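Report on the structure given below.
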Amino acid sequence: MSTVAPVRLLPEELVRLAASPADKAAAIREAGQLLVAAGCVEAGYVESMARREAVANTFLGGGVAIPHGLGEDKGLVRRDGIAVLQVPGGVEWNPGQVARLVVGIAARSDAHIAILRRLTRLIQDEARLAALIATGDPAEIVAALSEDGAPPAPATAATDLAETLEWTIDYPAGLHARPASAWAEAARAAGLPIRIRHGDEAADARALVSLLQLGLKAGDTVTISASGNDATAALRRFLGVVTGLSAQEKADAARAAERAAQRPVRGWQPAGALTAIEGVAASPGLAIGRVHLLVQADAAIPDSPVPLGDGAALLEDALARTRLQMKALVDDTARRLGAGDAAIFKAQAGLLDDTDLITLACQLMVAGHGVAWSWNAAIERMAGQLSALGNPVLAARAADLHDVGRRVLAQIDPALAGRSLGDIAEGPAIVVAADLSPSDTASLDVSKVAGLATALGGPTSHTAILARTLGLPAVVAGGAGLLDVADGATVIVDGDAGRLWLDPSDADLAAARDWIDALAAKRATEEAERGRPATLRDGHEIAIAANVNRPDQVPLALQQGGEGVGLMRTEFLFLERGDTPTEDEQYETYRGMIDALEGRPLIVRALDIGGDKQVAHLKLPHEENPFLGVRGARLLLRRPDLLDPQLRALYRAAKVGGDLSIMFPMITSVHEVTALKARCEAIRAELDAPTVPVGIMIEVPAAAINADLLAAHVDFFSIGTNDLTQYALAIDRQNPDLAGDADSLHPAVLRLIRMTVAGAKLHGRWVGVCGGIAGDPFGAALLTGLGVGELSMTPRDIPAVKARLRGTDMATLQALVERALAAESAAEVRALDTGAGA
Ligand code: PEP
Ligand code: MG
């Protein structure tokens, strides 16, 4: 960690005494210009300082403000420096906050925190501060900002604000994410501080994550308090929002209970009456183990103020150590899991340099709070703001913030480290957690962990994807009650039915073990046969392909029985790195895929950017509803700078040989197809490349309904059931609350697939499916009965799908489809699953 040399940072000429800026903007300009004149920053930095004020509060406390530039403008800093404007008459910084020392900062992150350390120390020394505001000697200011000291910090306890009222939670599922975000929104709208206290724990009601961490259950009584003008009325309005949610919460709980009762009996069933926690199936299989409860340590961060100088030094040191730890983690992950996974930690390490976050922590320390408490509160506040925006990409950044925040906490005080997956002494363990972070999952040891169960998440969450990759049975979205399961208790996870069985008897355990053995034997048989084609008993052959994005993943896909690649999601070439791959780089990757497939078919999907796949470095405009916005083909048609290099790379690759097809995502109308095909043809002709089949994804209901029109223009369809389900059922595919309803076997989705197949048939086109349901053996059976001729899936799903199809014939499947199409719900469709043979 670098220590900042104060003399170099603050020469006397950077101190302006007796300044009287007209307002805050003028003060920032004046401080900024001092920095420019001293050669610390480029001229543009002054503007950047002004822009930061729109997004962050730089009032540190005690009459000191610390304007500084935006993080992305750090390139404008030539060397570290600070400029001080002494404003004896004061300048209003925010309503009610008057700055008398305006400290303009030009610094990279390390220096920033060191400066804050000095300032926070100074603020505690009221007499000294008053002297600095009045002094006529710049040397006094330079000296004050060049020393460390340790005046005592006032102790504060977590208490209520001035006006209070009590309320007992009557939401049956407790304060979970949905009502908590309504609380946070209402608190923000109130415009004054509102605090929620339960026992010794309190949360700022504006911070969603802090609210969730109170872990409030039905029956818990909380004290809601507010302060400021009009606090009584604000409290009353807030309570109105809180109680207004009760009816909906009760109705939802009743509906969930009803749904669970109606759920068809699938998978393992206990002999006697056993309690189960119902969640959403995320990764198949059954597992028995002892609960390893991953409770987040930050549930009870003590607020123990220390002298400010010590506190700021402790934080600075913790950040430095965490940076080193993250670097080691990046290196280790890159070795074990690859550069793509390591990039997650690289991005997280960047958060340690977030000056807004560090400033906020220091502001809280200045306000009298302890280091760990302040750091945690800063993390919660920023993460809460990100999550509350409802943007999945920013929500993922919030999860990263928590992850990295916990690492720093553990450095501040090892007692706050909490449990990790590394603590599992012996397996088999069932990891139970609110959700699993990328760090948790990177340290997961499959020799000790048998299954996973999380309170949050959906079938497409990080936990679910990782569990499927590792072959671990998993249940997600089990609700807050999951976290009440006793640590060490023996449980059974059913990743097919989405249940966690509690307190199994010896007889249940024995029965579950038999089931697990039978599943393992079945899996072994399927795997032994995975190289054989998926030929139905009557000779119908279904093509089985893998969804694979990189050449190095091809060998595993082939080994699992894949006969080609039915979906290469090229946006991952963009998502896994910080810049846009060049045409040559793309060419190398496509050639790598073709070569690895040794003549087998490869379907490359053109970039599907937008929706849940946001590429930060493209800096695309913010959209209110990204899933309904400029996504997939819509973006490609607006951005020839993205489309053309990709098509050029593809046609160049096709010129060298192989069995390549191109597929366009998110097609809604014929005109998109004709425009994209015209681009393909122009580029093909320019390169004198061979023609290749051009197909489209059917993932918008309009495309399924107009399949007969679209089929005239393309060579094939591949149905993206993940999106088709989302758009047909109007269920955001990432919404954990609705994860249980987003079932691709909903009769409405099946009917759209029937229309797609009928439209394709009119023009003699083939239809594949590359959405998740293709990898579900029962789903694959239904799709085959609907007339789909190719199924592309996650490689691990291939053996079971092939085995299921080989055990049946077309007439049986068509009869099954007729019953499924007549069903009233996805549950009714699933109830038709009687196991192999149908
Ligand atoms: C789909 O939508 O089903 C699909 C395969 O595309 P993605 O999941 O990449 O959106
Ligand atoms: Mg899709």
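Taking the criterion of being under 30 Å from residue 479 (Cα atoms) and aromatic (Phe, Trp, Tyr), would at least one residue in the range 706-727 satisfy it?
yes
Filter the range 523-549 down to residues that are under 26 Å from residue 788 (Cα atoms) and without any contact (Cβ under 8 Å) to a residue 40 or more places away in the chain, then give me how many there are.
So the answer is 5.
Limited to the range 595-613, what total is found for residues that are in contact (Cβ under 8 Å) with a residue 60 or more places away in the chain, buried (at least 17 other Cβ atoms within 10 Å of the Cβ) and more than 13 Å from ligand 1 (Cβ to nearest atom)?
2
Restricting to the range 747-771, give me the number of residues that are away from ligand 2 (no atom under 16 Å from the Cβ) and either in contact with a Phe, Trp or Tyr (Cβ under 8 Å, 6 or more places away or on another chain) or without any contact (Cβ under 8 Å) to a residue 60 or more places away in the chain (or both).
So the count comes out to 12.
For residue 620, indicate whether it is in contact (Cβ under 8 Å) with a residue 12 or more places away in the chain, closer than 18 Å to residue 666 by Cβ and either within 16 Å of ligand 1 (Cβ to nearest atom) or in the same structural domain as residue 770 (by TED's automatic domain parsing) (or both).
The answer is yes for residue 620.
Within the group 631, 638, 684, which residue is in contact with a helix residue (DSSP H, G or I) (Cβ under 9 Å, 6 or more places away or on another chain) and of a type in the set (D, E, K, R)?
684
Mind checking which pairs have a first residue in the range 312-336 that is within 18 Å of residue 405 (Cβ to Cβ) and a second that is surrounded by fewer than 16 Cβ atoms within 10 Å (Cβ to Cβ) and at pLDDT below 80, Cβ under 6 Å, 6 or more apart or different chains?
320/1
Quick check on the range 732-746: of everything there that is more than 21 Å from residue 792 (Cα to Cα) and within 14 Å of ligand 2 (Cβ to nearest atom), which residue is modelled with the highest pLDDT?
Here the residue is 732.
What helices (runs of 4 or more DSSP H), lying completely within the range 379-491, carry at least 1 residues that are in the same structural domain as residue 347 (by TED's automatic domain parsing) and modelled with pLDDT under 75?
By residue number, 392-412.
Would you call residue 700 under 34 Å from the mean Cα position of the chain (by Cα) and away from ligand 2 (no atom under 16 Å from the Cβ)?
Considered against the rule, which asks whether it is under 34 Å from the mean Cα position of the chain (by Cα) and away from ligand 2 (no atom under 16 Å from the Cβ), residue 700 comes out as no.
Restricting attention to the range 761-784, report how many residues are surrounded by 24 or more Cβ atoms within 10 Å (Cβ to Cβ) and more than 13 Å from ligand 1 (Cβ to nearest atom).
5
Name the residue that is farthest from ligand 2 (Cβ to nearest atom), counting only residues in the range 656-694 that are of a type in the set (D, E, K, R) and exposed (fewer than 15 other Cβ atoms within 10 Å of the Cβ).
So the residue we want is 688.
Being free of Cβ contacts under 8 Å to residues at least 40 places away in the same chain and within 16 Å of ligand 1 (Cβ to nearest atom) narrows it down to one of 573, 567, so name that one.
573
Output the number of the condition that residue 568 fails; it satisfies all remaining conditions of (1) away from ligand 2 (no atom under 16 Å from the Cβ); (2) out of contact with any Pro (no Cβ under 6 Å at 6 or more places or on another chain).
Status for residue 568: all satisfied but (1).
Filtering the range 689-737 down to residues that are over 30 Å from residue 252 (Cβ atoms) and among the aromatic types (Phe, Trp, Tyr), which residue is farthest from ligand 1 (Cβ to nearest atom)?
Across the range 689-737, the extreme among qualifying residues is 716.
Give me the helices (runs of 4 or more DSSP H) completely within the range 695-750, filtered to those with at least 1 residues that are buried (at least 18 other Cβ atoms within 10 Å of the Cβ) and at positive phi, ordered by residue number.
Filter on the range 695-750 gives an empty set.
Determine, yes or no, whether residue 649 is in the same structural domain as residue 757 (by TED's automatic domain parsing), within 34 Å of the chain's Cα centre (by Cα), more than 13 Å from ligand 2 (Cβ to nearest atom) and crowded, with 21+ Cβ neighbours inside 10 Å.
yes
When the residues of the range 31-44 are narrowed to those that are part of a helix (DSSP H, G or I) and in contact with a helix residue (DSSP H, G or I) (Cβ under 6 Å, 6 or more places away or on another chain), which ends up surrounded by the fewest Cβ atoms within 10 Å (Cβ to Cβ)?
Residue satisfying both the conditions and the ranking: 44.
In this structure, does residue 28 turn out to be assigned to a strand (DSSP E or B) and touching a strand residue (DSSP E or B) at 6+ places or on another chain (Cβ under 9 Å)?
no
State all residues of the range 662-675 that are closer than 20 Å to residue 628 by Cα, more than 16 Å from ligand 1 (Cβ to nearest atom) and either among the small types (Gly, Ala, Ser) or touching a helix residue (DSSP H, G or I) at 6+ places or on another chain (Cβ under 7 Å) (or both); if no residue qualifies, say none.
Hits for the range 662-675 are 669, 670, 672, 673.
Would you tally the residues in the range 599-616 being under 17 Å from the mean Cα position of the chain (by Cα) and either more than 16 Å from ligand 2 (Cβ to nearest atom) or of a type in the set (A, V, I, L, M) (or both)?
Within the range 599-616, residues that are under 17 Å from the mean Cα position of the chain (by Cα) and either more than 16 Å from ligand 2 (Cβ to nearest atom) or of a type in the set (A, V, I, L, M) (or both) number 3.
Is it true that residue 789 is within 16 Å of ligand 2 (Cβ to nearest atom) and either surrounded by 24 or more Cβ atoms within 10 Å (Cβ to Cβ) or assigned by TED's automatic domain parsing to the domain that holds residue 820 (or both)?
no
The values are calculated or read from the model by the stated rules, or taken from the named source; none is laboratory data. No experiment lies behind these values; they were computed from the predicted model shown. Neighbour counts are summed over all protein chains in view; Cβ atoms, including those assigned to glycine, are modelled from backbone coordinates with ideal geometry.
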